[in-house]
Amino acid sequence: MRSDTLLSVRDLKVQFPVGGGLLGARKVVKAVDGVSFDVRRGSTFGIVGESGSGKSTAALAVMRLVKITSGNVLLGDTPISQLEGEALRRERRRFQMVFQDPYASLNPRKRAGDAILDALNLMGVGEPAGRAERALELFLQTGLRPEQLQLFPHQFSGGQRQRIVLARALAARPELVVCDEPVSALDVAIQAQMLNLMLRLQREFGLTYLFISHDLGVVRHLCDEVAVMYLGVFVEQAPRDALFERPLHPYTRALWSAAPSFDPDARGRKGRIRLQGDPPSPIKMPPGCRFAGRCPFAEARCHTEVPLLREVLPQHHVACHRVSDAGQPEYPLPD
């Protein structure tokens, strides 16, 4: 692990049992199936993919909010994947989470100021006498007004509620903030405000983000490195600029094709891919590449051989038989 790495995830797997079967045999959903990545201190690592890709489950596993089937998660030198009970609770202040739905994340019967104060008390941050002042400080830092401390969640807009949730996450002075679709429920103008706020807070506090999203435009604005996830595995991983300037995996290019809003010239650019069909069942994965059934460029070996995630360009990894070891797509890009 590099010295500047804060979060290190190795071969993370999360499986959920389903059904029973006639003879009692249980099937499993392989929601996350062996992903590995590192997040540098002070940076933002994005995981992007469509619904059902496993990206949110990966985030919850890092937070220890779902059971890890196997694999290791290190926060600095601390193996948080192995901690339980009081030992895990003590480390909680080092990593906090911002969820997609801020209203569901807040107790409707508690005033906004109390939500932050409760976090400060629970984590034992600072002296008790100074926690009310700290709650006010967090309110101001996230762009809220002092008089709003006494309001209830329903009295705020969606964007304001997400600021409260962000302030609460920062109460413990965490090193890592895991963000699961934190702006997807907001309209575009408010999304931009929240993203700019998160960037400012990252600079001020030296925060590290693990950012989950289905929106490539949001990912491009915020993230330093991006992993593209499909059915529980990473199919491409690269620094932000490299990924957006030269997407290599057909699935990445298909996501790029479906979200031209992040690039005004995307509609007229060569190489857009439109997918047909639905992803296979996560209970019964097909052999070979999991994307082969929807890939317009799949060949025979794609349906039998699992492609390995390999480095084909500096820091640019891809899992595709149709991309050469020199990082050249060996499939025809459509007009």
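The values are calculated or read from the model by the stated rules, or taken from the named source; none is laboratory data. Predicted model, so just to flag it, every value in this text is computed and none were measured. Positions of Cβ are generated from backbone atoms using ideal geometry, with glycine treated the same way; all protein chains shown enter the neighbour counts. Quick note on the areas: whole protein, heavy atoms, side chains included, nothing else; ligands and nucleic acids left out. Shrake-Rupley method; radii C 1.70, N 1.55, O 1.52, S 1.80 Å.
Out of the range 191-218, which residues are of a type in the set (Phe, Trp, Tyr) and surrounded by fewer than 18 Cβ atoms within 10 Å (Cβ to Cβ)? Break it down into steps so the answer makes sense when it comes.
Taking the range 191-218 as the starting set, the residues that turn out to be of a type in the set (Phe, Trp, Tyr) are 205, 209, 211.
Listed by number, the list holds a single entry, Phe205.
I'd like the residue in the range 172-190 that is among the aliphatic types (A, V, I, L, M) and assigned to a loop (DSSP other than H, G, I, E, B) and, out of all such residues, is surrounded by the most Cβ atoms within 10 Å (Cβ to Cβ). The extreme case among them is Val183. If the condition is being of a type outside the set (D, E, K, R) and within 19 Å of Gly46 (Cα to Cα), then the range 165-185 contributes Leu166, Ala169, Pro174, Leu176, Val177, Val178, Cys179, Pro182, Val183, Ser184, Ala185. Examine the range 164-171 for a residue that is under 29 Å from Ala61 (Cβ atoms) and part of a loop (DSSP other than H, G, I, E, B), and state whether such a residue exists. Yes - at least one qualifying residue is present in the range 164-171.
Can you name the residue in the range 285-312 that is buried (at least 16 other Cβ atoms within 10 Å of the Cβ) and not in a loop (DSSP other than H, G, I, E, B) and is also nearest to the chain's Cα centre (by Cα) among such residues? Applying the filter and picking the extreme gives Val312.
Every listed requirement among (1) among the acidic types (Asp, Glu); (2) open to solvent by 60 Å² or more (accessible area, probe 1.4 Å); (3) part of a strand (DSSP E or B) is met by Glu86 save one, (3). With respect to (1) loosely packed, with under 13 Cβ neighbours inside 10 Å; (2) more than 24 Å from the chain's Cα centre (by Cα), the lone exception for Ser281 is condition (2).
Of all residues in the range 138-160, those satisfying the criterion of being at negative phi, out of contact with any Pro (no Cβ under 9 Å at 6 or more places or on another chain) and open to solvent by less than 80 Å² (accessible area, probe 1.4 Å) are Leu138, Gln141, Thr142, Leu144, Pro146, Gln148, Leu149, Leu151, Ser157.
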